[in-house]
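Right, I'll just put the structure down here and ask away after.
The values are calculated or read from the model by the stated rules, or taken from the named source; none is laboratory data. Because the structure is predicted, anything quoted here is derived from the model rather than measured. Every residue, glycine among them, receives a Cβ derived from its backbone with ideal geometry; neighbour counts consider all protein chains shown. Heavy atoms of the whole protein, side chains included, go into the accessibility calculation; ligands, DNA and RNA do not. Shrake-Rupley method; radii C 1.70, N 1.55, O 1.52, S 1.80 Å.
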Amino acid sequence: EMLEDVIRSDIAYVGDFHTLDKAKATLCVLLQQMLKRKRNITVAIELVRAKHQQSLDRYIVGELTETGFLRKINYTSEWGAPWSYYKPIFELAKISNGVIKLIGIDSNRDGYGCHLRDYLAAKTISRETIANPERMAIAFMGDLHIARQHFPEKTNRQLAIYGENKKSVIIYQNRSD
C-alpha cells in the first residue's frame, strides 16, 4: 500500500532517522521497486549540501573516489551516522544509469534553524520538480523536517508561487527497533 502511494505521488517525503540504519534500508527498497518500474527519480538527500553537487555528480559517475567524495563533502565532521548506512543509496544511483539522480538539498547547517533549512530545501525540491516534471522526487530528510507543517508545507508554498500543485506522500520512520 505504501509503495502504491509513493508510485502515485509526484513527491515523496521519506523520513530519515539518522542513527538507524533500517531507515536507509527502507529508502533502498523503495528505490529498487521504482527501478523495476523504470520510473525516473530524483532523490534529494539531506546529508549532502547543495554546494557540493558537483562532487556528488562526479562521485556517481566514477570520476571521484569514495574517499575523495567523503572528504569533499566533509562527511566525517558534518554527519554523525556511519557512511555504511548511506552508501547503498549512492550505489543504487551509480548502477541506475541516470534513472536515480541524487541532489544535495541541505544548503547550510551553520547557524541555520530548522525553519530556514526547510525553506531552502523547499526551494531546491520545487525547482527540481518544476524543471523535471517527468521525474518523481523523493526528499530524504530527518523525520522532524518532514512533519507536514515544515518542509512539505514550505514546498507546497514554493510550488504555488509557480502555479504548480504536486501530489505528495509522507513516510515517517521513527522506529525503535
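Just to be sure I understand the filter: pairs with C-beta atoms under 7 Å, separated by 6 or more residues or on different chains, first member in the stretch 80-96 and on the phi < 0 side of the Ramachandran plot, second member surrounded by 13 or more Cβ atoms within 10 Å (Cβ to Cβ) and part of a loop (DSSP other than H, G, I, E, B). Which pairs pass?
Taking only residues 6 or more apart or on different chains, the pairs are Gly80/His18; Ala81/His18.
Any residue at all in the stretch 100-107 that is over 16 Å from the mean Cα position of the chain (by Cα), farther than 16 Å from Ile11 by Cβ and of a type outside the set (A, V, I, L, M)? If you could, list the steps in order and put the result at the bottom.
Taking the stretch 100-107 first, the residues over 16 Å from the mean Cα position of the chain (by Cα) are none.
No, there is no match, as no residue in the stretch 100-107 is over 16 Å from the mean Cα position of the chain (by Cα), farther than 16 Å from Ile11 by Cβ and of a type outside the set (A, V, I, L, M).
Sticking with this one: Restricting to the stretch 18-46, name every residue that is more than 15 Å from Glu4 (Cα to Cα), open to solvent by 10 Å² or more (accessible area, probe 1.4 Å) and either touching a Cys at 6+ places or on another chain (Cβ under 7 Å) or part of a helix (DSSP H, G or I) (or both).
Hits for the stretch 18-46 are Asp21, Lys22, Ala25, Cys28.
Taking the condition of being in a helix (DSSP H, G or I), open to solvent by 80 Å² or more (accessible area, probe 1.4 Å) and of a type in the set (Val, Ile, Thr), how many residues in the stretch 47-74 meet it?
Residues flagged as in a helix (DSSP H, G or I), open to solvent by 80 Å² or more (accessible area, probe 1.4 Å) and of a type in the set (Val, Ile, Thr) within the stretch 47-74 amount to 1.
What pairs can you find where one residue is in the stretch 15-34 and modelled with pLDDT under 85, the other is surrounded by 14 or more Cβ atoms within 10 Å (Cβ to Cβ) and part of a strand (DSSP E or B), and their Cβ atoms are less than 8 Å apart, with a gap of 6+ or different chains?
From the stretch 15-34, the pairs are Phe17/Gly142; His18/Gly142; Ala23/Gly15; Ala23/Asp16.
For the stretch 98-121, which residues satisfy the criterion of being modelled with pLDDT of 85 or more and surrounded by fewer than 13 Cβ atoms within 10 Å (Cβ to Cβ)?
Initial filter on the stretch 98-121 (modelled with pLDDT of 85 or more): 98-105, 118-121.
Answer for the stretch 98-121, where residues must be modelled with pLDDT of 85 or more and surrounded by fewer than 13 Cβ atoms within 10 Å (Cβ to Cβ): just Gly98.
Can you tell me which of (1) buried (at least 21 other Cβ atoms within 10 Å of the Cβ); (2) under 14 Å from the mean Cα position of the chain (by Cα) is the one Ile170 doesn't meet?
(1)
Tell me which helices (runs of 4 or more DSSP H) are completely within the stretch 75-136 and hold 3 or more residues being hydrophobic (A, V, I, L, M, F, W, C) and within 18 Å of Leu159 (Cα to Cα), or say none if there are none.
Details: elements: 75-78, 83-95, 114-131.
Fully inside the stretch 75-136 and qualifying: 114-131.
Yes or no, residue by residue, for (1) open to solvent by 40 Å² or more (accessible area, probe 1.4 Å); (2) more than 12 Å from Ala44 (Cβ to Cβ); (3) not hydroxyl-bearing (Ser, Thr, Tyr):
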| residue | (1), (2), (3) |
| --- | --- |
| Thr76 | yes, yes, no |
| Tyr85 | yes, yes, no |
| Ser96 | no, yes, no |
| Lys123 | yes, no, yes |
| Thr129 | no, no, no |
| Arg135 | no, no, yes |
| Gln149 | yes, yes, yes |
| Ala160 | yes, yes, yes |
| Asn165 | yes, yes, yes |
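Right, next: Taking Gly15, is it open to solvent by 30 Å² or more (accessible area, probe 1.4 Å) and not in a helix (DSSP H, G or I)?
On the way: open to solvent by 30 Å² or more (accessible area, probe 1.4 Å): no; not in a helix (DSSP H, G or I): yes.
The answer is no for Gly15.
Of the numbered conditions (1) touching a strand residue (DSSP E or B) at 6+ places or on another chain (Cβ under 9 Å); (2) without any contact (Cβ under 8 Å) to a residue 60 or more places away in the chain; (3) in a helix (DSSP H, G or I), Gln158 fails exactly one; give the number of that condition.
(1)
Related question: Filter the stretch 137-155 for residues that are outside any helix (DSSP H, G or I) and in contact (Cβ under 8 Å) with a residue 60 or more places away in the chain and give the result. Write out each step before concluding.
Of all residues in the stretch 137-155, those outside any helix (DSSP H, G or I) come to 137-150.
Hits for the stretch 137-155 are Ala137, Ile138, Ala139, Phe140, Met141, Gly142, Asp143, His145, Ile146.
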